[in-house]
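These notes are about the structure you will find just below.
All of the numbers you see were taken from the coordinates with simple rules; none came from a lab. Everything numeric in this text was worked out from a predicted model, so none of it was measured. Cβ placement follows ideal geometry from the backbone for every residue including glycine, while neighbour counts extend to all protein chains displayed.
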Amino acid sequence: MSTESVRHTTSSPWWRTAVIYQIYPRSFCDTNGDGIGDLPGIISKLDYLSRLGVDALWLSPVCCSPQADNGYDISDYLDIDPIFGTMEDMDRLILEAGRRGIRIVMDLVLNHSSDEHRWFLEAKKSRDNPYHDWYIWRDGTPDCPPRQAAASFGGGMWEWVPELGQYYYHQFSAKQPDLNWANPEVRHALYDMINRWTDRGIGGYRLDVADHLGKDPDRGFTVRGPRLHEYIREMSAACFQRNALVTVGEAWSADPEQALVYTSPDGSELSMVFGFDHMKLDQAPGGDKWSLAPLDFVALKRSFAHWQRTLYGRGWNSLFWENHDLPRIVSRFGNDGRYRAESAKLLAIALHGMCGTPFIYQGEELGMTDPDYALEDFRDIEARNMLRDHRAQGWSEERLLTALRARARDNGRTPMQWDATANAGFTDGEPWARLCPNYTEVNAASQLGQPDSVLECYRTLIRLRKEIPVLTDGDFELLLEKDTRIFAYLRRDGLSELLVLCNFSDETVTNPIGPELWPGDKSCRLLVSSYPEAAHPASGPEACLPQYLRPWEARMLLKQNQEPDRKK
Ligand code: GLC
Ligand code: CA
């Protein structure tokens, strides 16, 4: 092992105590009045982000794109799309963020390009074009595609090109042809591109659909293909093991055991992955994302515990509730009516108490909610295709609306709510997407500096992660596994113990944690809670472990051990 990799494994990399903030640039802040957020908009909010305390910003794609999938269809990996700004803006963002100790994490869409990318335009010119083999083609006849499989955004995965008498393969929309990763030229062109961004000062990468890179259509693999980890190791060696980069792979198919492979501490693959097990537990068994079911809360706790325990001391977790593909968590697992603020804070505390790197999606730190769109407001390619396909299957308008309101990606993509002025201060023009109407109450300006706001709760949690080592290093023990309302767990590192106690319900419940589970004493300190502490009926040690938990009450408690625990 080289000294370089030894250093990687023994000293703790920066991202283990980091909190990463995701920006969906199109919906963050518009500075030129075209209704679309842009890079200068992000620069204008760096002070806000720096005050919040985040260490890195993951930007959803800002490269040139026809925007068929809002930038996840890239037509030039090495330039900035004019709707977002220029390369100079990007350089300025990297510089200005760096001045505030914030790194920029780019989104790498490597599984597919846009059908308008020069590579694809060449590839479809002829079968012997040098770029032809950069994509995946199969012979066939117009009415008989190679192997019938449904693409992620509806329709089939094979698109007929009459001029060539061939089909090309696309796991997402037909405007997103899959790159042929089996071709080493493709891989090396992508590695080259990544290194150029690293040279420009990028601090890390989020890998779009990382688990799809090893696809093997003939053998029916979309995810977890036979060469997947070989490719990731090759890419990691060529690109990621330099400049203290953080890398996170999106991996819907990953279970904790797979995540261990991706995040092995020898640093040969990635820093962490996004696993989605906890995002599939309000889905009917065997159904897809549109088949709604009540959340299986006990399964949610079990899932977290499984990920926490499996990766502890071996791999590394990412922690998230939201991203640009998911609805707002307070509308999904919280109560976005009467207890909006309390439940948003509870969700924050429940997540940020665990082991891993927390991610915050823009607006989550304000407790932003789903917007209650009408059918015509849904504009995402996935939602439009779902409407078309499910209407054809006979779904009623009401059922369609219920499913889209619960699940469509548009829910998380409404413009950021900065203040109570027109268009929430997001734009002076006509916003590209309809705002969530509650922006007059739910916005950053009204929460800044308000101690009991959702925003200040997130700020506290980010600060605590830097101050309290057990948040980063402690193990994880789930308490009250079968309880259907309370999520409670312990984190221990031998020097201190942390207890997180959350009432995921609209009712006041008796606190089941007594001294036998957690002997709270005078050394016990309340670090953060979802209710204003001043209003709490008790003080002193009883306040740490109160008799009752109010609706959506969450508490994070710390106890320093008098004697270092020798078992550790
Ligand atoms: C990922 C992205 C999503 C995109 C898809 C195809 O899941 O997060 O937004 O549509 O990949 O690139
Ligand atoms: Ca703009």
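Restricting the trypsin sites (Lys or Arg not before Pro) of segment 57-140 to loop positions (DSSP other than H, G, I, E, B) with no more than 14 neighbouring Cβ atoms within 10 Å leaves R100, K125, R127. A simple count of charges around P437, restricted to other residues whose Cβ falls under 12 Å of its Cβ and scoring Lys, Arg +1 and Asp, Glu -1, yields -3. The shape of segment 452-519 comes out oblate: with a ≥ b ≥ c from the C-alpha gyration tensor, a/c is at least 1.5 while a/b does not beat b/c. Sparsely packed loop sites in segment 186-262 (the trypsin sites (Lys or Arg not before Pro) outside DSSP H, G, I, E and B with at most 16 other Cβ atoms within 10 Å) comprise R200, R224, R227, R242. Helical runs assigned H by DSSP (4 residues or longer) give the chain a calculated mean residue ellipticity at 222 nm of -7500 deg cm²/dmol, each run adding -39500 (n - 2.57) before division by the residue total. Available extension along the chain between T440 and V261 is 59.8 nm, counting 0.36 nm per residue and deducting the alpha carbon span. Put the Cα centre of segment 61-126 next to the Cα centre of segment 136-194 and the gap is 21 Å. For a test of the definition: using alpha carbon positions, the gyration tensor, and the 1.5 limit on a/c, classify segment 203-282 as rounded, prolate or oblate. Taking the square roots of the gyration eigenvalues as a ≥ b ≥ c, segment 203-282 is oblate. Taking 4.7 Å between C-beta atoms as the pairing limit, the chain has these partnerless cysteines: C29, C63, C64, C144, C239, C355, C436, C457, C502. Over 29 Å apart at the Cα level, from the set K45/K280; K215/K482; K289/K466; K345/K466; K45/K175; K301/K345, are K45/K280; K215/K482; K289/K466; K45/K175. Note on the chain: antiparallel DSSP beta bridges, both residues inside, total approximately 60 percent of the bridges counted. The Kirkwood radius of the chain, taken over pairs of alpha-carbon atoms, gives through the Stokes-Einstein law at 20 °C and 1.002 mPa s a diffusion coefficient of 87 µm² s⁻¹. Taken one residue at a time, the phi angles of segment 22-39 give Karplus couplings (6.51, -1.76, 1.60, θ = phi - 60°) of 8, 10, 9, x, 4, 10, 8, 7, 9, 10, 10, x, 8, x, 10, x, 8, 4 Hz. Gly and Pro are set to x. Between D419 and L375, the modelled labels are 3.9 nm apart [label points 7 Å from Cα along Cα→Cβ].
What is the helix-to-structure angle for 184-199, meaning the angle in degrees between its Cα long axis and the longest Cα principal axis of the chain, kept from 0 to 90 and rounded to the nearest 10? That helix lies at roughly 50 degrees to the long axis.
As a length-normalised measure over Cα pairs under 8 Å and 6 or more apart, the relative contact order of segment 472-560 settles at 34 percent. With a ≥ b ≥ c the root eigenvalues of the C-alpha gyration tensor of segment 472-560, is it rounded (a/c under 1.5), prolate (a/b larger than b/c) or oblate? Since a/c reaches 1.5 but b/c is at least a/b, the shape of segment 472-560 is classed as oblate. Backbone amide hydrogens, once placed in the peptide plane, bring F172 within less than 5 Å of S152, excluding anything fewer than 5 places away on its chain. Give the separation of the Cα centroids, segment 310-353 to segment 491-516, in Å. Spelled out, the Cα-based centre of one part sits 17 Å from the other. Spin-label pair A392-R463: with each label point 7 Å from Cα along the Cα-Cβ axis, the two points sit 5.5 nm from one another.
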